[in-house]
Amino acid sequence: MPQVALGSWWVTSDEAYQATKLALQAGYRHFDSAWNYGTQSGIGQALVESGLPREELFLTTKLADMINCTDAFSDALRQIDEALRELQTDYLDAFLIHHPASNECNLATWHALEQAHRAGKVRAIGTSNFCVAQLQYLIDRADVAPAVNQIAFHIGIMPAMLPVVTFCQQNGIAVMGYSPLAIKFDESDALLRADGFTGGLGTKYGRSGAEVSLRFVVQHGAVVITQTKSRAHLQSNIGILGWRLTDDEMAALDAQTTPSGFMADNAFGSGSCIDYGVFLPADVKDTFNV
Ligand SMILES: NC(=O)c1ccc[n+]([C@@H]2O[C@H](COP(=O)([O-])OP(=O)(O)OC[C@H]3O[C@@H](n4cnc5c(N)ncnc54)[C@H](OP(=O)(O)O)[C@@H]3O)[C@@H](O)[C@H]2O)c1
């Protein structure tokens, strides 16, 4: 699985099309989408036009949130077929439940993902924003255990997030880290781009704050998913694999509690598992575009 992926949250499908084309030129082969983002079509079109063999690409996408659990199984199967059609492919490399609902609803949805996996439509099935107890519930009852958990992963959030990362690593669940720059909801967090929260490590290594922040994620063994429309950022972001932070530097960054990022007050920040379907009001869902 390519360790640096291009994300597509908060961009239009046309912008995702353009960014995917640029990213392919820069060497990206892993693309992250979701039903909620509305970017599957743009990404799919750019990939088809690239002419690259399908096996060289890695496509991750995610299910829309299940507010009403009654149709979870059929809704999930329908959305997988829709993702295949929009991405113009006959299989997905990873398909994830985007946000946890109740455990019962997660399991009903999971059975649909297992069926799609058995049918060869999805190679790896997984979760996103699941905490330890929610993962354990699935592991205890599923035929196919989650292969991936995609979670917020950036400097400042690790005291809350490391238990989830450790659990995943101990249970053979690959971690995909999103929002590595932590900047969507709090402009003060934009400093992650400018070496402000990296203790000057960017200056030490001749890298930007953004590069240190992304390097931090992959050095934890996680995939890093970052989003950019800039050709220069695409190139610097994929260049993070050829150097290392020291163990002491990683430990210092792990202990940091700022910037908090937008996940700070939710499931991981409060230490409890959240059922997004119950707790996330419609207007908040609109604001967050989830
Ligand atoms: N599973 C989930 O619930 C979930 C939630 C959030 C995100 N995600 C996924 O993860 C992806 C990444 O997360 P994200 O979109 O929140 O944010 P992000 O990658 O942390 O930050 C993106 C922002 O950083 C800027 N940026 C990127 N590279 C930069 C660089 N080298 N230097 C300076 N600025 C840089 C981009 O602007 P420019 O265009 O100017 O570069 C953009 O505004 C999403 O697109 C989505 O695919 C998943």
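Quick note: the coordinates plus some simple rules give every number you see, no bench work behind them. Since the model is a prediction, treat every value here as computed from it, not as a measurement. When we count neighbours, we look across all protein chains shown, and the Cβ atoms used for this are built from the backbone with ideal geometry, even at glycine.
So if each residue of separation counts as 0.36 nm, and I subtract the Cα-Cα distance between residue 244 and residue 48, what length gain in nm does that give?
My answer for the length gained is 67.1 nm.
Would you kindly state how much longer the chain becomes between residue 141 and residue 258 on full extension, computed as 0.36 nm times their sequence separation minus their alpha carbon distance, in nm to one decimal?
Fully extending the segment from residue 141 to residue 258 adds 38.4 nm.
Name the longest site-free stretch of the chain, where the excluded sites are chymotrypsin sites (Phe, Trp or Tyr not before Pro) in a DSSP loop with no more than 14 other beta-carbon atoms within 10 Å.
11-184
For the stretch 247-256, take each phi angle, set θ = phi - 60°, evaluate the Karplus expression 6.51 cos²θ - 1.76 cosθ + 1.60, and give the result in whole Hz per residue in order, putting x for glycine and proline.
My calculation for the stretch 247-256 gives 4, 5, 5, 4, 5, 5, 5, 4, 7, 5 Hz in order.
Under a crude label model (7 Å from the Cα following the beta-carbon direction), how far is residue 251 from residue 162 in nanometres?
Placing both labels 7 Å along Cα→Cβ, they lie 1.0 nm apart.
Sketch the reach of a paramagnetic label on residue 10 as a point 7 Å from Cα along Cα-to-Cβ, and name the residues of the stretch 22-46 whose backbone nitrogen lies under 19 Å away.
Within reach of a label on residue 10, which here means backbone N under 19 Å from a point 7 Å along Cα→Cβ, the stretch 22-46 contributes 32-40.
Once label points are set 7 Å from the Cα along Cα→Cβ at both residue 236 and residue 133, what is their separation, rounded to one decimal in nm?
The modelled label-to-label distance comes out at 4.2 nm.
Taking the chain as a Gaussian network, where each spring joins two C-alpha atoms under 10 Å apart, which residue of 93, 65, 247 fluctuates the most?
Sorting by GNM fluctuation, first place goes to 247.
Hand me the tally of lysine pairs in the stretch 4-288: alpha carbons under 18 angstrom apart, and the pair either on different chains or 8 or more positions apart.
For the stretch 4-288, the number of qualifying lysine pairs is 5.
Suppose we keep just the DSSP beta bridges with both residues in the chain; what percent of those would be antiparallel, to 5?
Taking every DSSP beta bridge within the chain, about 0 percent pair in antiparallel fashion.
Using Cα pairs under 8 angstrom and six or more residues apart, how large is the relative contact order of the stretch 4-288, in percent?
Result for the stretch 4-288 is 19 percent.
From the residues 98, 87, 133, which one has its Cα farthest along the dipole of the stretch 29-176 in the positive direction, the dipole being from +1 and -1 charges on Cβ of Lys/Arg and Asp/Glu about the Cα centre?
Of the listed residues, the answer is 133.
Quote the convex hull volume per residue of the chain, based on C-alpha atoms, as a whole number of Å³.
It is 116 Å³ per residue.
Specify whether the C-alpha gyration tensor of the stretch 1-80 places it in the rounded, prolate or oblate class, a ≥ b ≥ c being the square roots of the eigenvalues: rounded for a/c under 1.5, otherwise prolate if a/b is larger than b/c and oblate if not.
prolate
To the nearest Å, what is the center-to-center distance of the stretch 1-76 and the stretch 212-228, using C-alpha atoms only?
18 Å
Between residue 64 and residue 102, what is the label-point separation in nm under the 7 Å Cα-to-beta-carbon projection?
Label-label distance for residue 102 and residue 64, simple model: 2.1 nm.
What does the extension gain come out to for residue 82 and residue 205, with contour length at 0.36 nm per residue minus their alpha carbon separation?
Between residue 82 and residue 205, full extension yields 39.9 nm more.
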